[in-house]
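The structure under discussion appears below in the form of structure tokens.
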Amino acid sequence: MREVTILGGGESIKYCPYDTKEIWTCNRVYKKAKRVTKLFWMHGFKFDEDVDFQVITKKTYPYKAIIEKFGDYFTDSVCYILAYALYKGYKKIKLYGVEMNLKRHQEERPGVEFWLGVAKGMGIQIEIGEGSCLMKR
Amino acid sequence: MELTILGMAPSRELCDWKSEVWSVNTGYRQISEMNGHVEKIFLAHTQVPDPSDGVHIFDWEEMNRLADAGCEIYNIHRIKELKHKMYPIKAISEKFETNYFSNTIAYMIAYALYKYTKKVEGKLVLKEPLKLNFWGVDMLERLPGGFDEYTLEKGCVEYWVGMAKGLGVEINIPQSSELLKTFNRALYGKKWYKLWQIDPFGLLKGKGKTKESRMKRLTSLKNKYNLDAMEGEFLVEMDEKCVK
């Protein structure tokens, strides 16, 4: 089964078991992570560091194909990563450090939960690490 | 199959009444004013006093008359005085492996998916093509205690809308609803406000000019865009704030 772990920058990143081949993250979280295979750099700033993993930027992200297939509701970088995982056909998605517990996440959390819903509807297994507010009232 | 999930927010006015209508709480009173129809009503409450006057919101007798007329009423709580069916919360939670319900709309979407999906070899699939219309589900209502739907409930509703989408359900949401929209209606990280979106009348461009010249320009804009309803003083005030 194709599995991927998505890492957010929250404290609960420490619970991540790093037991999937693919470990994807966004922004500067790669500096906190023990291992990363893909970085999503979705802001306008140029990424010019020398790293040993693939970097997906605004220019290389397959916006058109993903939007055509799933819609255009993206409230933060995690949404882009989730959509990318669905687009690439992953069957199990694990989220660690994606806590969404701060006030600034009020606008972001619904989008992440939408994509989790899409994944669930597609029959994809979702595992949310401890310490996350996702899918909790 | 086409269903309308009808909330109580302003975009309910856009409902076309062409499909089966599922309503929420006391939405049937608005439906009556709009000369619409309702086939199911969903509740997730016992009796609730109105915060403004303490009068009970739900009129069980009134709702019983609807039940007698053929409208099915579902509640997650058992109400002795009400002729209703119990919402199958256990079966739905088991089928979808979650008990994430933050409001009644989430229960309604879950019920629609529960009713129109089946498991084939362990995978959920639609029994037949399904379309869900969301009218009046704007997610902008202020809730008691300083909270609002946007903060507390939007994510959960969108989770269930997402699940519907993932199952292949056709989703119809009006532009005036906040559902599946970012706060600035732009893709995250892709684009930001353009100057004309923030300042459609070009007031910011007036910075540094004299008050007289700005007034002249505002008057011309007012005439150009036919802004009779807007007070000139308000425009001047806005303009001065921009200059500051």
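Share of Cα-Cα pairs in the protein assembly as shown beyond 38 Å, in percent? Considering the protein assembly as shown, 32 percent of its Cα-Cα pairs are separated by more than 38 Å.
Counting only protein heavy atoms and a probe of 1.4 Å, the accessible surface of the protein assembly as shown is 51% carbon and sulfur.
A simple spin-label model places the labels of residue B:78 and residue A:55 6.3 nm from each other, with each point 7 Å out along Cα-to-Cβ. Computed 3J(HN,Hα) for the range B:163-170, one whole-Hz value per residue from the Karplus formula 6.51 cos²θ - 1.76 cosθ + 1.60 where θ = phi - 60°, is 4, 4, 4, x, 7, x, 6, 7, glycine and proline marked x. Each of A:43, B:82, B:151 was placed along the dipole of the protein assembly as shown (beta-carbon charges, centred on the mean Cα), and the one lying farthest toward the positive end is A:43. Shown in residue order for the range A:76-84 are the 3J(HN,Hα) couplings computed by the Karplus curve 6.51 cos²θ - 1.76 cosθ + 1.60 at θ = phi - 60°: 6, 5, 5, 4, 4, 5, 4, 4, 5 Hz (x for Gly and Pro). Backbone amide hydrogens, once placed in the peptide plane, bring residue B:74 within less than 5 Å of B:41, B:42, B:43, B:85, excluding anything fewer than 5 places away on its chain. Contact residues in the range B:160-186 (at least 20 Å² less accessible area with all protein chains than alone, 1.4 Å probe): B:162, B:163, B:165, B:166, B:180, B:182, B:183.
Take chain A with all the other protein chains still there, run a 1.4 Å probe, and you get 48 Å² of accessible area per residue. Placing +1 on the Cβ of every Lys and Arg and -1 on the Cβ of every Asp and Glu, with nothing else charged, gives chain A a dipole about its Cα centre of roughly 120 debye. Phi-derived couplings, Karplus 6.51 cos²θ - 1.76 cosθ + 1.60 at θ = phi - 60°, listed residue by residue for the range A:104-120: 5, 7, 4, 7, 9, 4, x, x, 5, 5, 4, 5, 5, x, 4, 4, 4 Hz, with x used for Gly and Pro. For GluC sites (Glu not before Pro), the sites in the range B:38-115 that DSSP calls loop and that have at most 13 other Cβ atoms within 10 Å are B:81, B:97. For the chain pair B and A, the buried solvent-accessible surface (1.4 Å probe, both sides summed) amounts to about 2400 Å².
Taking the centroid of alpha carbons for each part, the range B:81-156 and the range A:64-108 are 21 Å apart. Give the total of Lys-Lys pairs in the range B:51-169 with Cα-Cα distances below 18 Å; include a pair only if its members are 8 or more places apart or on different chains. Close lysine pairs found across the range B:51-169: 23.
The values are calculated or read from the model by the stated rules, or taken from the named source; none is laboratory data. Values in this document were obtained by computation on a predicted structure and should not be read as measured data. Every residue, glycine as well, gets a Cβ built from its backbone with ideal geometry; the counts of neighbours run over all protein chains shown. These accessible areas exclude ligands, DNA and RNA; they are computed on the full protein's heavy atoms, side chains included. Shrake-Rupley method; radii C 1.70, N 1.55, O 1.52, S 1.80 Å.
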